[in-house]
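To start, the structure itself, in structure tokens.
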Amino acid sequence: MKKIYPFLALLVLLSSCKTHHSLFGGKKQNNKSIVILYENDVHCGIDGYAKLAGLRDAILSSDTAYAAAVSCGDYLQGGVSGAISQGQYIVDIMRNVGYDAVTIGNHEFDYGTPRMKNLLPQISAPIVCANFFDVGATQPFYAPYVIHQYGKKKVAFVGACTPETMSAESYSFYDEAGNLLYDMKPAEFYSIIQQAVDNARADGAHYVVLLSHVGEAASEMNIDSHKLVEATRGIDVVLDGHSHAVVPNVQVLNMDGKPVGVTQTGTQFANIGKLLISRKGEFSTSLLPAADISYTNDKVVATTDSIKKLMEQVTKRQIAESDYALEIFDGEGVRQVRKAETNLGDLVADAFRHNMDAEIGLCNGGGIRNTIAAGVITYGDAINVLPFDNHMCKLEATGSEIVAMLEKCVSMVPEEDGNFPQVSGLRFIIHTVSHTVSDVQVLDASTGEYQPIDLSRKYTVSTTDYYNSGGFYGILKGCTLLKSTTLLARDAFSDFLEHAMSGAVGSAYEQSQGRVTKIDD
């Protein structure tokens, strides 16, 4: 079942469990320490699951500590395996991992709430979320917590998902008539989590671990994991997600002034988190780079390999070539697409504008998920870039509506915002201190020159139907819809590369093209 670590690496890992039990045998400990391996924001990075399961199995078989695996949300969407199966491939893999507890993230709602409700039971693990309700229900749809016993100690895993899901994935919360079907209780969020923690303690939990998909980034609702800690008591540690941060451990004081650790692993299994609860009840967290983990679980490997073969039948077709990478990151690996123009953002926005024959192309940076490496570009790469099931459409918006949208969607710069606009046929200046935009110009296709935007004039805009269900802060929601299609954004992008560009990404896209300028004033 397992591929063994190099000896020294395994010895270091297991010695951190702080037991006196020999690696090679000896008397069993009745009160061993507890190791909880955690992940967040996997977003279809499926190769890490076998390592997570293998590492957990290694700790269990060594008999140096109790071991468990948990998930902090955002697993169903974000890559090819999720997109082409609407999440089915992901739950098939997760079922074979054998999780002790799983919470939900905002992207579990991407295929619609009924699809999520159908898929998650197939993981065959406790799904926990204290703040997701059917409208009118007095109890959450999923259990708010689950308690597992490890030796003499009981650990409660409480689940929490960001209430911002209601705006970011609003299409999954309302029916076609605009009636609210589901609620994440933003106004009561902190008190709901506190009640779940109190109930878990009353049920005998010695320790409370929060599986949080709340994040540490600034948000419109002013809700984040640090404020959650500050507003509650009784949580021992927060295994966080949503903001894709790499945080081994940061201490936040709770309502009683007690320090509580908050941690995140990054995204797509860049790291696997390790929470150690010592025999004395001390908590420590660390991140293990997944690339350094050589343990695997054979059953998970077999499932993943089988799914890769199925995916290859869909994804292997070559659509283009590029001599350089098309990026969402900067040279140091820091994600830029949610706070600055990138060359891939330019290319996607150009594809949108071309496909719908519009004056302006517009894609929210949060919808562009992955870089394309230099070399052959396949249809699978296009899916990886735009994995969400959003359809192309064409709007008519006034210059004043466009400027208002730009100003709102860049208001958090230099911080990340999934609504940050990647644009085509448009250029503008961001003032990062005053949080305003200026010198907004629109390309005149007949002359090839940019002209100042006319606030009273109407312009055609090509984007996805996400504009009407959470995108761009809903500012374009009231615009006139000129054309809706069933064409997925990834197919519009693929068609642009394969046909409009004749399969060759031009040198104009080697760098971003200066459509968005930032000034610190």
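Here, each number is a calculation from the coordinates, and none is a lab measurement. It should be emphasised that the depicted structure is a prediction, and the values quoted were computed from it without experimental measurement. Neighbour counts are summed over all protein chains in view; Cβ atoms, including those assigned to glycine, are modelled from backbone coordinates with ideal geometry.
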Worksheet item: Cβ under 13 Å from Lys408's Cβ, Lys408 left aside: what net charge do those residues give with Lys, Arg +1 and Asp, Glu -1?
Response: -3
Worksheet item: What angle do you read, to the nearest 10 degrees and between 0 and 90, between the alpha-carbon axis of helix 343-355 and the longest principal axis of the chain?
Response: 50 degrees
Worksheet item: Hey, can you rank 252-260, 368-376 by average C-beta count inside 10 Å, highest first?
Response: 368-376, 252-260
Practice prompt. At q = 0.11 Å⁻¹, work out log10 I(q)/I(0) for the chain with the Debye formula, treating every Cα as an identical point scatterer and leaving solvent out; two decimals please.
Written response: -0.96
Discussion item. Give me the one-decimal nm value for the distance between modelled label points at Ala291 and Thr485, 7 Å along each residue's Cα-to-Cβ direction.
Written reply: 3.8 nm
Worksheet item: Mean separation of Cα pairs under 8 Å and 6+ residues apart, divided by the residue count of the chain: what relative contact order is that in percent?
Response: 14 percent
Practice prompt. Would you calculate the separation in nanometres between label points at Asp203 and Asn118, each defined as 7 Å from the Cα along the Cα-to-beta-carbon direction?
Written response: 2.9 nm
Item to complete: List the residues of the range 411-425 whose backbone N lies under 20 Å from a point placed 7 Å from the Cα of Asp520 along the Cα-to-Cβ direction.
Response: 411-417
Worksheet item: Any idea how far apart Phe141 and Ala500 come out in nm if each label point goes 7 Å out from Cα toward Cβ?
Response: 3.7 nm
Worksheet, complete the sentence: Eigenvalues of the alpha-carbon gyration tensor of the range 286-354, times 5 and square-rooted, give semi-axes in Å, largest first, of 31, 22, 10
Fill in: Cα gyration tensor shape of the range 261-382, rounded if a/c is under 1.5, else prolate or oblate by comparing a/b with b/c
oblate
Discussion item. Please state the shape class of the range 358-511: rounded when a/c is under 1.5, otherwise prolate if a/b exceeds b/c and oblate if not, all from the C-alpha gyration tensor.
Written reply: rounded
Worksheet item: Taking K and R as +1 and D and E as -1, what net charge do the other residues with C-beta under 11 Å from the C-beta of Tyr66 add up to?
Response: +3
Response to the item:
Checked the range 161-300 against the a/c 1.5 cut and the a/b vs b/c comparison, axes a ≥ b ≥ c from its Cα gyration tensor; verdict oblate
Worksheet item: Where the centre of each part is set by its Cα atoms, how far does the range 75-124 sit from the range 313-353, in angstrom?
Response: 26 Å
Worksheet, complete the sentence: Once the dipole of the chain is set up from charges on Cβ (+1 Lys and Arg, -1 Asp and Glu), the residue from the list Ser456, Phe388, Met116 lying farthest towards its positive end is Met116
Practice prompt. Determine the calculated [θ] at 222 nm for the chain from helices alone, applying -39500 (n - 2.57) to every DSSP H run no shorter than 4 residues and normalising by the residue count; nearest 500 deg cm²/dmol.
Written response: -7000 deg cm²/dmol
